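Chemist: Pasting a structure below so you can have a look.
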Amino acid sequence: MKKILLTGGGTAGHVTPNLALVPELRKNDFEIHYAGTKNGIEHELISRENITFHFISAGKLRRYFDFKNFTDIFRIFTAFIQSLFLIARVRPNVVFSKGGFVSCPVVWASWIFRKPVIIHESDITPGLANRLSAPFASKICYSFPETAKSLPSDRAVLTGLPVRCSLFSGDKEKGRKLCKFDTDKPVILVIGGSQGSEAINSCVRESLDSLLYNFNICHLCGKGNSNTTERKGYCQFEYVNEELPHLFALADLVISRSGATALFEIISLRKPNLLIPLETNASRGDQILNAGSFERQGFSRILKQSNLTSDTLINNVNITFSERDKFVKAMKKSNVSNGIGKVMEVIENAVKN
């Protein structure tokens, strides 16, 4: 049986595309292994899938001065040694990395053993982990056409982003029951990312009086971020998994951050959306670039977090909803599609070669 070692972690965006590949990998007779940290979100998500999980350490290389940069060097070295033993023991036919700092030592160790490595970049500009891994990769898959200029042309492949097929099997009525909505008002689905967004959460709650007049609201607020707010037509979830397809099916409009995973799920499901990108003081600016690409293609409307107030949120929600048919039409015309098939083709070719 063919063996594949998946890796990636730190945030859900580095894990869910790997999860999207799992059913297709099993269908194509791959024995699946996963390398990640014990306390990271990757272990929590992968443990549900009956996949052999291998624990390794992880260190972070920060773009600013921090004494942890010195201590993390030793953690990275430890992770590299662990990865060498892991590759020698598992002997995968191919390694697929979705990024995050846990992935780098795995990629480097795989290169030492001359195992074909495929990395995937979700965002427009490659993150630091993928930049450190790219020289050791056989192929580099990417999601946005704009990314091509940042990658070596002989190894880069435009695949799009793998999206979980389960998202397409949502049931609108099941979503309505989950939220306990008893009216047929249009539904806003608010997604602040796996860790939630304090800025979005606060603004949505401040705007409930106005928003609930015309909409029902399903609010995915992130772990530990729910509060005691109870209003008719307003439902909170800290985190969802199996429920997400039904909540997407129920949604008439999505308010979201603009991480690549969320964006490609939104466009795959053809959902009108208002994007509030994470700003540069809290990120490297990839969400702003991702959102800009979707806005230029007519898929999305953007509200900058620096301009986020109750008034601007309400106004932009109303505009986005009134223009929803325009966004859906643009998404239907696009050639952006679920990246599972193209990524699987790259994986199979790596195994054959």
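Chemist: Give me the pairs, please: first residue somewhere in segment 163-175 and among the polar types (S, T, N, Q), second residue anywhere and buried (at least 18 other Cβ atoms within 10 Å of the Cβ), beta-carbon distance under 7 Å, and either six or more positions apart or on two chains.
Modeler: Pairs that qualify, where the first residue is among the polar types (S, T, N, Q) and the partner is buried (at least 18 other Cβ atoms within 10 Å of the Cβ), are S166/P245; S169/P245.
Chemist: Counting just the residues of segment 252-285 that are touching a Ser or Thr at 6+ places or on another chain (Cβ under 6 Å) and farther than 18 Å from L313 by Cα, which one comes out surrounded by the fewest Cβ atoms within 10 Å (Cβ to Cβ)?
Modeler: A260
Chemist: OK, next. So S322 ticks every box in (1) modelled with pLDDT under 95; (2) more than 27 Å from I118 (Cβ to Cβ) but one. Which box is left unticked?
Modeler: So the condition that S322 fails would be (1).
Chemist: Enumerate the helices (runs of 4 or more DSSP H) found wholly within segment 234-353, keeping only those where 2 or more residues are farther than 19 Å from L208 by Cα.
Modeler: Output list reads 244-250, 260-268, 286-296, 324-333, 340-352.
Chemist: Still on this structure, I have one more. Evaluate segment 290-304: report whether one residue or more is buried (at least 17 other Cβ atoms within 10 Å of the Cβ), under 30 Å from E49 (Cα atoms) and polar (S, T, N, Q).
Modeler: For segment 290-304, residues buried (at least 17 other Cβ atoms within 10 Å of the Cβ), under 30 Å from E49 (Cα atoms) and polar (S, T, N, Q): present.
Chemist: Now a separate question. Looking at S97, S133, S150, S138 in this structure, which one is within 21 Å of the chain's Cα centre (by Cα) and farther than 18 Å from Y34 by Cα?
Modeler: So the residue among S97, S133, S150, S138 that is within 21 Å of the chain's Cα centre (by Cα) and farther than 18 Å from Y34 by Cα is S150.
Chemist: Do any strands (runs of 3 or more DSSP E) lying entirely in segment 111-205 carry at least 2 residues that are assigned by TED's automatic domain parsing to the domain that holds E243 and either surrounded by 17 or more Cβ atoms within 10 Å (Cβ to Cβ) or at pLDDT 95 or above (or both), and which ones are they?
Modeler: So the answer is 187-191.
Chemist: Just to be sure I understand, how many residues within segment 6-55 are over 20 Å from W108 (Cβ atoms), within 11 Å of the chain's Cα centre (by Cα) and in a helix (DSSP H, G or I)?
Modeler: 6
Chemist: Next up: Take the conditions touching a strand residue (DSSP E or B) at 6+ places or on another chain (Cβ under 7 Å), more than 19 Å from F321 (Cβ to Cβ) and in contact (Cβ under 8 Å) with a residue 24 or more places away in the chain and apply them to C221. Does it pass? Break it down stepwise before answering.
Modeler: Working: touching a strand residue (DSSP E or B) at 6+ places or on another chain (Cβ under 7 Å): yes; more than 19 Å from F321 (Cβ to Cβ): yes; in contact (Cβ under 8 Å) with a residue 24 or more places away in the chain: yes.
Considered against the rule, which asks whether it is touching a strand residue (DSSP E or B) at 6+ places or on another chain (Cβ under 7 Å), more than 19 Å from F321 (Cβ to Cβ) and in contact (Cβ under 8 Å) with a residue 24 or more places away in the chain, C221 comes out as yes.
Chemist: From the list A199, A156, which residue is among the aliphatic types (A, V, I, L, M) and more than 30 Å from L21 (Cβ to Cβ)?
Modeler: A199
Chemist: Taking the stated definitions as given, is D209 assigned by TED's automatic domain parsing to the domain that holds T261, part of a loop (DSSP other than H, G, I, E, B), over 17 Å from the mean Cα position of the chain (by Cα) and at negative phi?
Modeler: No: the conditions fail for D209.
Chemist: Continuing with the same structure: Working only within segment 212-226, note down all residues that are in a loop (DSSP other than H, G, I, E, B) and over 17 Å from T183 (Cβ atoms).
Modeler: C221, G222, K223, G224, N225, S226
The values are calculated or read from the model by the stated rules, or taken from the named source; none is laboratory data. Small disclaimer: the values here were computed from a predicted structure and weren't measured. Counting neighbours? That spans all protein chains shown, and the Cβs are built from the backbone with ideal geometry, glycine included.
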